[in-house]
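Bear in mind that the values in this text are calculations on the coordinates, not laboratory data. Note that this is a predicted model, so its numbers are computed, not measured. Reconstructed Cβ throughout: ideal geometry from the backbone, glycine too, with neighbour counts over all protein chains shown.
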Amino acid sequence: MIKKGSCFDVATIFELNKILSLGASPEKISYGNTIKKERDIAYAYKKGVRLFATDSISDLEKISRQAKKSKVFFRILCDGNGADWPLSKKFGAHPDTIFNLALKSKKMDLIPYGISFHVGSQQRDIGQWDNAIAQCKYLFDALKEKGVKLKMINIGGGFPSDYLKPTKTLDAYSKEITRFLKEDFGENLPEIIVEPGRSMVGDCGVIVSEVIMISEKSATSNHKWMYLDIGKFGGLIETIDEAIKYPIFSEKKSTKLQEYILAGPTCDSYDILYEKYKYKLSSDIKEGDKLYIFTAGAYTASYSSICFNGIPPLKTYCVKNFNRIKDISS
C-alpha cells in the first residue's frame, strides 16, 4: 500500500513506529486517535507527523504545546445506528463543542484543517454518511463566517466485508457517498480522507480452527455445544453481543445439519461466541475436525490476547494460493 501511494492513520506511537519502519512517509500519516498522551504527541511530531485528530479542549491544548503549527481536524459525535459494530459515545463531540474548539485552535498556533466522523464499523445504512456530511457542511459554513476556512473531511471507515448478512457493494457505497458530498458541497469538494480498512482486508482472511469438544448439557437439550480452539480472547472479540457473524464451514459433506452453540477454549464463561444465534453445521463433525472461519482478515490477529490461560496469540500466514490453507491447517 505504501508503494501505491496510500496514506495511513495511526492510533498509537507503536503503530506509528511500525508504519515508519515499513517505509511510509510521515507527511502521509495522521494521528487519528483523540485519546493521546502528551509525550506521544511530542514523539509523533518529532517523527514528522503534522496532522492530528482531536475532540476535546484537553487534547487540543496538548497538541498546541507539543505540535505547534500542525493541522488539526475535529471529530464529531455519531450514534452508530445501523452498524454491526458501533463506535459511538467514546469518540467525538457535539457540533457546538467542535465549533468552539476550531475557533480556539486558530488562537493556539495550530491550523484548523477539517472535520472527521465515523458512522460505525460494518455500517449497513449508507444514509448515515448523509447525516454526518450534512453536519460537516454546517460546521464548514459556520466557521467560515468566523474566518476559519476548513479544507478537509475525514469520512472514516464503516465500509463492510462479506459476513453472513448481505451488504451493498463498495461501489454502491462510494457512489452514494459521493452524491451526498456533491449535494452539500457542489462540485468544489473539500479534500476527502477515507479509512476503508475492514472492506479491504476482511475478506482476505481465514482462521483454521479445531473442534476440541462437542457436548450436551442435558439429555433433553435441543442444542449441542461445540468448543473450538479459538474464542473471544484469541481473536474473535467482535463476537461480543454476537455482533459480527462470521461464515463458518467444515469439510464434512453430510446434508444432515445440527444446530450448535459455539464457544471458545478458555476458562472464562464469557468466552461464548454464539449462543442466541445457532450455527447449522454438519451432524458428522467430530472432535479434532477442522472448521474454517471466513472473512477473518480484519480485527482478529490484532485483537488476539497474549497468553490468557497460557494460549499464545494467533499465528498469521500470508499465502498467495488458498489451496495452501490445507497445508497450514495440518
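For the reader, a short list of remarks on this structure follows.
- Plainly put, the range 205-329 has a radius of gyration that is 0.95 times its Kirkwood radius, both from alpha-carbon atoms, as the Rg/Rh ratio.
- Full extension of the segment from Lys146 to Met1, taken as 0.36 nm per residue of separation minus the current Cα-Cα distance, would add 48.3 nm.
- Candidate values [x] 22.8, 73; [y] 20.3, 63; [z] 20.0, 74 were compared with Rg and Dmax of the Cα atoms in Å computed on the shown model; the agreeing label is [x].
- Projected label distance in nm at Ser21 and Ala301, using a 7 Å step from Cα toward the beta-carbon: 1.4
- Low-density loop positions, trypsin sites (Lys or Arg not before Pro), the range 169-239 - DSSP coil, at most 13 other Cβ in 10 Å: Lys217
- Considering only Lys137, Lys315, Lys104, the mean-square fluctuation computed in a Gaussian network model of the chain, springs between alpha carbons under 10 angstrom, is largest for Lys315.
- Once backbone amide H atoms are built at 1.01 Å from N, Ser116 has Phe74, Arg75, Ile76, Asn154 as its partners under 5 Å, excluding neighbours fewer than 5 places away on the same chain.
- The chain: most fluctuating residue of Cys78, Cys136, Cys204 per GNM, C-alpha cutoff 10 Å: Cys204
- For the chain, modelled as a GNM whose springs connect Cα atoms under 10 angstrom apart, the maximal fluctuation among Leu189, Leu60, Leu291 occurs at Leu189.
- Comparing Pro26, Ala102, Phe52 along the charge dipole axis of the chain, the residue lying farthest to the positive side is Pro26, per the Cβ-charge model.
- Dipole size of the range 8-198 about its Cα centre, with +1 on Lys/Arg Cβ and -1 on Asp/Glu Cβ: approximately 820 debye, rounded to the nearest 20.
- For the residue pairs Lys18/Lys68; Lys175/Lys315; Lys276/Lys320; Lys168/Lys253; Lys256/Lys290, the alpha carbons lie more than 27 Å apart in Lys175/Lys315; Lys276/Lys320; Lys168/Lys253.
- Under Karplus coefficients 6.51, -1.76 and 1.60, residue-wise ³J(HN,Hα) of the range 107-124 in Hz, glycine/proline x: 8, 10, 6, 10, 10, x, 10, x, 10, 10, 7, 9, 8, x, 7, 6, 7, 9
- Spin-label model distance (nm) - Ala243 vs Lys106, 7 Å beyond Cα toward Cβ: 3.7
- Additional length obtainable on full extension of the chain from Glu259 to Lys286, 0.36 nm per residue less Cα span: 8.3 nm
- Dividing the mean sequence gap of close Cα pairs (under 8 Å, 6+ apart) by how many residues the chain holds gives a relative contact order of 12 percent.
- The range 248-269 residues near the modelled Asn222 label - backbone nitrogen below 15 Å, point 7 Å along Cα→Cβ: 258-261
- Charges were assigned to the Cβ only: +1 to each Lys and Arg, -1 to each Asp and Glu. The resulting dipole of the chain about its Cα centre is roughly 1060 debye.
- The simple Förster model, with R0 at 22 Å and r as the Cβ-Cβ distance, assigns Ile35 and Ile192 a FRET efficiency of 0.35.
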